[in-house]
Structures are given as C-alpha cells and as structure tokens.
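What follows is a single structure, written as structure tokens, with notes after it.
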Amino acid sequence: MVVLLLTLLPATVAASGNERPLAEAGLDQTATRGAPVYLDSTGSYDPDGELAETEWTIHRPNGTTGIPDCATCPTTAFTPRSTGTYAVTVRVTDTDGASATDTLYVTVEPGDPPTVTVDGPDAVRTDHAATYRAAATPGIAALTSISWYVDGTRLRTTTLDETRRTDTLTHYFDGPGDHTVRVRVTDTDDRHATAHTRTSALTGSNTTNQSTDPTAHAPPPLIGQTADADPRLRGPRVLTGAEPLSGTYRVTDAPNNTPTTIHVDGQRRHFGRTATLTLQPGIHDIAATVDTTTIRFPDNTTTVIADPAPTVAINDIQTGPGITISASATDALDNLDTLTISIDGRSVYHRARTDLDHIKHRHTTLRTTYRRAAIEPGNHTVTITATDTRNQTTTETKTVSAPRPPEIISARFTEREDNRTAYDHRLPPESYTAHHITRIALNGATPADVTLVSTPTVTDVLELPTHVHERNRAYNRQTDILTVHTYWAADIPKVGQVSHAVNWRGTLVSKSTQQSFKAHPSDPVIRYTIDSEGVTGNFDQRGIVINASKTFDPDDTNLTFYWKGGATALDVSPKVAKTESHYRSTLVVHDNNKGKSEQTYSFLDGYVPEIETITEVSVGPYRLNDSVLFRVSSIAAMLPKNTYELNLDIGVRVPGSGHVLSWKKEYGLVYDGPRRGTGVQFSGTVSVPVEAFENGQPVVELFNKNGGSWNVVRKPLPSISKIPHGKPIVADDTVVDAEYLVESPTYTTQVVRSEQKKNELLGSGYAITRKERVGTLYTVEERRLVRSAQYETRYKTFSQQGYLEAFLSVNEAWREGPSSMTLEERSVTESEWRDSRSGKGRFTGETRRVLIDDADYQTYRQYRYDRRVERTGTKTVTRYRMGRVPYEVTEQVRRCNDFFGCYWATVTETRWKTVYESYQTTVSYTYWTTESETYWGLSKRSWDHEFTGRTSRVKVQNARYGTEYRYSYERTYTERVTTYTATRQVQTAPATYKWVTTDTTRSVLDAAALATDPTRRISDSEPTFEWTLRKQTGTQTEWVDEPASKSAVSKTKLTVRQEIVIPYVNEELRTFTPETIVNTTTKTVSGYEPVE
C-alpha cells in the first residue's frame, strides 16, 4: 500500500502544478481631492504557498503613472492632487514566481465648493451711492476670482487669493425701482458659488432742504447744466429683442419755441424734441441740448444699453452611429450666458459662460460639439437654445432622421466537426481551418464604414494569417447584406470560442455574438525518405534504409515508432530502420493522445539520389544579361529492383529565375568496391541568369515527382566570374502600350412615397435623383378642447382653526384649504458613523468594526479518469511432488548350489517405489486492472477527463471588516407653527379650442364625407410626391484599353520598351565598353497617363 501511494503522489503534483495566487486590491472608492486614499491588499493569498512580493501602480486621469507612499507594502496610501478616476493596480507574486493582478478604481471628486455672502442696503436714493460687501470662503480648492453683476450686467471681475477673500462694490443706480446685485466666486476647480441681494432705488430730491448735502454723492452735472434744471430726456434705457433695436426718446418740460437737438455718442442725430432712434448693439450716451443746456435722463445719467437677443446656429448634425451636433451661439453685447442642446424636448447638454470665458474673450460666442454614442432610430427634433444675462432666449430647431445601425443577422462556423485538427503550419490548411461566416444587415449604411470585430474569448485560438486564408467580404446590393468570411484555428486540441461584433464608423453598435468550434487531437504525420547510403557503421550487407526522422505530431506529444513487415530499427535511432526490397515494410507511429498512423513505404515515392557533380559548361566571364549553363548529375545509384530503375522519376529545378534546358535518365556501370553493376543516373543542363548571382548564391534541387514537396536534395551552384560593370543607364524609355484601371461608383436605389421614409434614407446617405407628383393629400381637422377654462385660487389665512370655521360659516363661496407651517429654528448635537476620519464635525473617539465585504467562495468540480494499475495478489494452489516409499515383498525364490542342488525358499525383502502426492501452498502473482480516479479542481487537467456532476463550495477569501468612526455635529431643526387657509376658485380665462388634424386621405370624396360632421372641416390639400433616392455603395474597377473619362482612371499600367546601356569594364584597355540591351517592362502610375 505504501508503494501505491508513492506512485500516485508525483502524478497528482505533476498534473496540478503551481496554482497562481489570488490578488485582491479592495473595493472601488470615492475620495475627495487632497484627502488621503488608503489601499489594502491583505485579502490577497496563494492557495498553495506564500506570497513573496507586492507591487502597487497608480494610473492617473491624465495618463501618467505613479506609485503610493509605499509601493511594495500590502497596506499603503496616496493623496490625489487632481479630480478624475484613478486606476490602482496591485500585483502579487508567490514564491514560485507566478503572479496575479487586481485593479480598483478611485473616483476623486472636487470636494466642497466655495461659499459667498453679500451684504448691502435694502433701499437707496438714486443720487446716492450704494455700497455692497462680499465675503467668500474657499472649499477644497483655492479661490481665483469674484465677479459683480447688477441686473444681469457684469460690472467687474476681481482676482482673489489666500490673503484676499472679500471685495466691496460702490454703485449708482440709473433709475428708480427694484435692482438685483449678484456676486459670483470661482475656485481653481472651476466650481462656483453665487449670492444676491435686492435694493430698492428711490428718486432723489433736487432741493437742498432734503438732506444736509444732497449732492455729495451725485455725479457732477454736464457743462451748461444746473442742478435744478427742469427739462428731462425720457425714453427706454435698455433696448432688447431682435435687431434692429429702436426706441423713441423725447425731451419734456422744455420751454416752447426753444431749439432742441438729440445727440447719440456725441454725434447730432435729430432736430426736435421727439426722435425714434435705431441703435447698434452696445452701450451708448444719449443726451439732448435745449439752447446751450445739456439735458439728461431723470436719474441725471445719459447711458442707454442696446442689447439684442442672442443668435444661434446649427452648424452640422451627423447621425449614424449615434448623433453628433455642432452648434454655436453669439451675442452682440458680449453677455451670452448659456447654450443648451435638447433632443426631443429633453435637455442633453448645457453650457454656462464662466469667468474664464470672459478672461479669454469667449463671452461673445459659445461653440460646442455634442456627441451621443447611440440614439433610437427614427425622426428626432434637435433644439438649440441660447440665453443672455438678461434672460433673452433664442431657439433654432431642426428635424433629423437617425438610421438603424447595422446588425448581425447570423453568425456560424461551417459544419466540419469530425476531422478538424489543431493548427500546425506543416499541415495542409484544410486540416485545421475553422471557416466562420457572418451576415450583417447594413440597414442603409455604407459597406466601407462597417467592419467586423472578431475576438477569441479563450486562449490558444488564433485567426489564420493572410498567406494561409485571407479574410474576405461580399456585399449584396439587392438584400443590403454584407457577408464576412473569417478563418480560425486552435493551437491545441480544445473547444475554441470567438466573439463577433459590428463596428460602424469607429463605434461598436451591436451586441457580441459568440460561436465555438472543436479542434480534435491529430494523428501523427509520417514523413520518410529512402537513405540509399544507409548508416554504414551499423550494417554490413545491402539493404534499404528508411529514415522517418521528419515524422511529427501536430499536437507536440511524444511519438513511439513500431516497425513491422521485415523492417528492423537501427541502433542509432528508432526513427531509422533497415529493410529489404522484397519486404512490404510498414511503419506504425503512436502519440500520447492515443493517435495512430500507419504507412507502408514506397521506394519510388521516397527516394531522391544525391547530387554528385555540378559543372559549369558555359565559358565566362559573363555580362549582366548573359545566362550561365551548368550540367547537373546525380550519383549513379544501384537500385535493388529493375522496376525501381525503370519507374523512378526524379526532377530538377532552380528556384527563382533559372530553367531546365535538358534532363534525362541514364544507365551506367558502377564500380564502388564490392558493389559493381548497372546504376541509374539522372543528368541534364540548367540555365541561370547572371542577375541571379547578383543577390546571392542560387541553388539547384532534385526532387521526387511522386513524393512530398519537402523531400528534396539541395546543393548551391558554383560561383562564376562576372565582367565588372558600371551602373546600367536607361538610354531610351518608350511607352508601347497602356491599360487603364477605371473606377466607377456602384449605387443602390430606393423609391418611396413616405416623407418619413425619405428623411430616414437621407439620413443614411441617400440623395434624391427624381421627384414626381402622384396625387393630392387632403387634411381633415376636428375642433377639440385644448385648454379648459382657467381658474385662479384666492387665499385667506387664519392663525386658529376656530377663526377659519367662523369665516367659512358665513361665506359659502369659500372652502377650507391646506394648512401651512412656519418653522422656528433650533440647534441640536447629533452623531453619525463614518468609514474614514474626514469630513465636517468632531471625532468623538469612538470606533466600531463593520463588515465591508462578504467572504468569497469558489465552486470546485469533481472529475474522473481511468488508469491502469499493476496489482500484487496471493492465492492458494494445489501442487504435486514425487517421493520414494519402502514396502516389503515376500515371495518364493528358487535357489541352487553345488551342495544342496536347487530348492524353493521364502524370501522377504524391502523395496522402494516412486509415488506422487498433492499439497496446497500460497503463491504471489501480479495483474493489471483499470481503476477510476477522481479529483477536485476548478477545471479539468486533461481534455479527456469527465465531470462527475458533483461540486463543492470552498471558501477562498475570508470576509473583510473595516473600522467606522463616530462624529458629532450640530444640526438645526425647526418647530412647526400652523397657518390655516380658506380658498376660492375664480375664473380668469375661458376655455380654448383648437383645430387638430385627425385624418388624411387622397380621395376628395372621402374628405368631403368626413367634413359633413359640423365639428370637422377640410383644412388643407397638398400634392403628394414619389421620390427616387440613390446611394453609392462602393466602386467597381476594370482594366480597359481606352477610358471613357480621364477623371475615372485611378491607375495607368504602361508597357515600356527600354534600351539599357551597360558600361562593361575592359580590363586590358582600362576603359568602359558600353553594350545596349533591349528590355520590356511594365510600370503602374496613379491617375491618367497618356501614351506619348
């Protein structure tokens, strides 16, 4: 039993090998910029050993890499300095060198934004200055600037830093009324905070008895004006809306018959007291003169703002895949505030002007490009909305059609599962190729924009290289289906899996489909040669030597060779055997996958004689355009059979540019020591251009015409002597013929009568080629209620329920309404548990342990396999043994002597006899038996092991716990004070009706019949059209002698007759002797090239 354990234990260890460790980087985290992020990889472990190394790597949002505080510690930390997503990877390595990685993602948020408060007067006179003070508090980032706005107009921007966090604004209001003063602060993360206050501006008095110094803060009067002037200029101070911007201005309270002039920006624009002025966008000075006195507006200023509404433009919209919208908005007064993009009424993009835009002078125009990866097919309404700081809004709308994306309608491997093998470059491709066919419905997309993305989903699966099988595509214009053929193989026997998805213009637009194919173990491939020389040191008599050293197993397992039929393996190698010609010798090869191949040798298919001589028969030295003749002879081989000599067929070739002039079989005498007789010999003449020796040394090959391409005898040709020459010169280059590659477009055509279908095709790249009227479409409308009568709710409030009930008892039109509450603020100290010691509040010192991650389990499967085992047993057997036993015999014996004569005597004597007896004994014996072994694992150890159906759940990672910290903080809550309400409905607007389209028909009789209903009418009639649309789906090319159009020619192939002058060196005269040769070649140029 101990022997059995020692036998099984190494096999178990060898089968399982070293298991890779399990890396655990921890859960994804969300952190604040500038706060430490703690990393913990102590959950990593090695199932069959110990961890030796830990290595952390941090990939920052900007693409750079870094390390934490301790790059090799299981627990460490780092502090992010910018916002975005950090990828943190831990690699653990065990003592056997195996490693594993795990990645967690840390999302770093900006943190707390800044805050700002603003204080100022609730009311101020127009002739007094109002002073406002703003105080900003930074969040996680430093403050950069503060901006002041009055009634939506930005007045100034001031830089803030660590030493300056407050700012003051002093402002005079142009006229009476309510005004809004807003302040906005920005930090380095481009985060904002705003605050505002409202101030009522009151008209100031012109008399000195209203205050001790009424003009102390007022602007100085213009030249010629007195402080108590009665005439005033009146008119709008702010012009808004669409251009042109116009306003009417008049001078009031001026003496009659006094000459009056109105000036704009210092230029005289009108004679008279009233003028309608058209102003360009901007800030203008408008004043009037009465005699020599300057007249201003009642607030003693001359400023008028001309602020047109912003303009928007949809620059470009592209659909498929998804949607890309390029839009821009412009404001002539440089106070553009927001740009919004909406699709089907839903806002998808919103951009607000920032202070950085103002600094970079981008406040006049906002441009943006919005991209969405996917959008539902069909018609969509795109709306661009721009708003300025005065809340003037402009919109632009466009309807676009989104086509359906291409989709995979079928994907499969062709049926060939029985004999497909694993990949090996020495096998024919049809042995291992798995042919996959994918059919893609383009749905109007251009074939050139669609590609198939193929990815192996398991290891050891590859797409075959192009020199074996090239991926190809075929497009059917009638069905609009693109068919893609791909070719795959598996490196080892296994089930290969490949996923496929459609890429349309750089975006994956379809779900991945996955298919599988099976690669079976290969049988050994037998390749042998006939070695006529044999292995001389190991045999002395004639025979045939079969060399199977080139035999291989495509699955790379060990091979076992068995020779039979008279063949005997030689001592040098079991792959080499000796046989006689009259034997039908056979080689049987087994591999470790239970594969078997068997082949009977054929001398006529496997024998190739050695090359004996290669002789140069032409005379050099040679010029560049000469050819060299060589006589090639094989050895004269004495073959064991006459049929071999008659039927052996050997060929000769010179790979490259050489060719064979003559080749024949000859019979001659062989004198080789004791071997004498007739032998078969092959010889002939080959011609090789001198140019072939310019780039290397050509070779000559002998091959068996009936054998494999791999069975050749190769020998390099001898070197030759060449005449030195200079660089060849093309003396004449004449075009004698030309062919043109004409590229013409191919189209697919659609005929539709639906406006929606037409728009869909236009969105898919189609263009209208014909439009034809085919009838009239009548529209029938129905009068429908679109808005009910509008009512306004009036309210009365009471502090007690009794007061409300008393009021309702004498006012029947009133009803009890909802009660409301006012809140009284109170403060209380509360506490909460946090997972880190950060954030607002005070740490109380209390901690607790909480579960962070449950324990992880893995499911192991039980697998079964059969193995043969040698056993020793005992048994009881019956055996026989031979022995001699004595016995007595009494008999009458006749005796005679000389004295008594003859007489009978009784004689008793002891004799021995041989007997056989049986006995039982215990003997030992050995025998072989097949046993089923089982083991547990995550996967099978060999492809032929079977799953028993039993599983076991094993814990591979313990539960993880963390520490929470208790923080206390102040919370403000409110106390409720109830207010009771009485309500009454008062009608403010009557019901509204609208004519709504309900039916469309091409029959005037049907339309008239529908209109007989008094609530219906025929509202419109319009012609109906049929559109013919065409889309280019690709191009086709063909070579022609004469193109119809020069612009359609993509390539020109010219046949050129060249006269080449080669200056050869005359070594005796030490001069160059030119020699002219004529050469015909072709060259291809792009575009159209005429024949001159």
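With respect to the conditions (1) in contact with a Pro (Cβ under 9 Å, 6 or more places away or on another chain); (2) under 30 Å from residue 1086 (Cα atoms); (3) of a type in the set (Asp, Glu), residue 701 falls short on a single one, namely (2). Out of curiosity, is residue 167 surrounded by 19 or more Cβ atoms within 10 Å (Cβ to Cβ) and in contact with a Lys or Arg (Cβ under 9 Å, 6 or more places away or on another chain)? The answer is yes for residue 167. Among the residues of segment 112-152, which ones are out of contact with any Phe, Trp or Tyr (no Cβ under 9 Å at 6 or more places or on another chain), of a type in the set (Ser, Thr, Tyr), surrounded by 16 or more Cβ atoms within 10 Å (Cβ to Cβ) and closer than 28 Å to residue 392 by Cα? Residues satisfying the conditions are 145, 147, 149.
Number of residues in segment 957-973 that are loosely packed, with under 15 Cβ neighbours inside 10 Å and either within 23 Å of residue 20 (Cα to Cα) or hydroxyl-bearing (Ser, Thr, Tyr) (or both): the value is 8. For residues that are of a type outside the set (A, V, I, L, M), modelled with pLDDT of 80 or more and farther than 30 Å from residue 735 by Cβ, tally how many sit in segment 1003-1042. Total meeting the criteria: 20.
If I filter segment 637-651 for residues that are in contact with a strand residue (DSSP E or B) (Cβ under 6 Å, 6 or more places away or on another chain), of a type in the set (Gly, Ala, Ser) and part of a loop (DSSP other than H, G, I, E, B), do I get at least one hit? For segment 637-651, residues in contact with a strand residue (DSSP E or B) (Cβ under 6 Å, 6 or more places away or on another chain), of a type in the set (Gly, Ala, Ser) and part of a loop (DSSP other than H, G, I, E, B): absent. Residues in segment 1065-1073 include none that are within 28 Å of residue 727 (Cβ to Cβ) and modelled with pLDDT of 80 or more. Can you name the residue in segment 79-129 that is of a type in the set (Gly, Ala, Ser) and in a loop (DSSP other than H, G, I, E, B) and, of all such residues, is farthest from the chain's Cα centre (by Cα)? Looking at residues that are of a type in the set (Gly, Ala, Ser) and in a loop (DSSP other than H, G, I, E, B), I get 129. From the list 888, 870, the lone residue that is farther than 30 Å from residue 954 by Cα and out of contact with any Phe, Trp or Tyr (no Cβ under 6 Å at 6 or more places or on another chain) is 888. Screening segment 691-797 for strands (runs of 3 or more DSSP E) wholly inside it with 3 or more residues that are surrounded by fewer than 13 Cβ atoms within 10 Å (Cβ to Cβ) returns the ranges 729-752, 767-787. Which ones in segment 446-461 are hydrophobic (A, V, I, L, M, F, W, C) and either touching a Phe, Trp or Tyr at 6+ places or on another chain (Cβ under 6 Å) or surrounded by fewer than 14 Cβ atoms within 10 Å (Cβ to Cβ) (or both)? 448, 450, 453, 458 - these are the residues of segment 446-461 that are hydrophobic (A, V, I, L, M, F, W, C) and either touching a Phe, Trp or Tyr at 6+ places or on another chain (Cβ under 6 Å) or surrounded by fewer than 14 Cβ atoms within 10 Å (Cβ to Cβ) (or both). Restricting the search to segment 255-273, which residues are in a strand (DSSP E or B), surrounded by 10 or more Cβ atoms within 10 Å (Cβ to Cβ) and free of Cβ contacts under 8 Å to residues at least 24 places away in the same chain? Passing the criteria: 264, 268, 269, 270, 271. For segment 861-898, filtered to residues that are among the basic types (Lys, Arg) and under 26 Å from residue 928 (Cβ atoms), the residue that is surrounded by the most Cβ atoms within 10 Å (Cβ to Cβ) is 864. Across segment 372-392, the number of residues qualifying as at pLDDT below 85 and under 28 Å from residue 758 (Cα atoms) comes to 7. Those residues that are surrounded by 14 or more Cβ atoms within 10 Å (Cβ to Cβ) and outside any loop (DSSP other than H, G, I, E, B), I need them from segment 408-428; list them, please. Within segment 408-428, 408, 411, 413, 421 meet the criteria. Of all the listed residues (161, 190), the sole one being in contact with a helix residue (DSSP H, G or I) (Cβ under 8 Å, 6 or more places away or on another chain) and part of a loop (DSSP other than H, G, I, E, B) is 190. Restricting attention to segment 437-491, the residues that are basic (Lys, Arg) and either within 15 Å of residue 515 (Cβ to Cβ) or touching a residue at least 40 places away in the same chain (Cβ under 8 Å) (or both) total 2.
The values are calculated or read from the model by the stated rules, or taken from the named source; none is laboratory data. All figures in this text were calculated on a predicted structure; none of them were measured in a lab. Note that we place each Cβ from the backbone using ideal geometry, even for glycine, and neighbour counts take in every protein chain shown.
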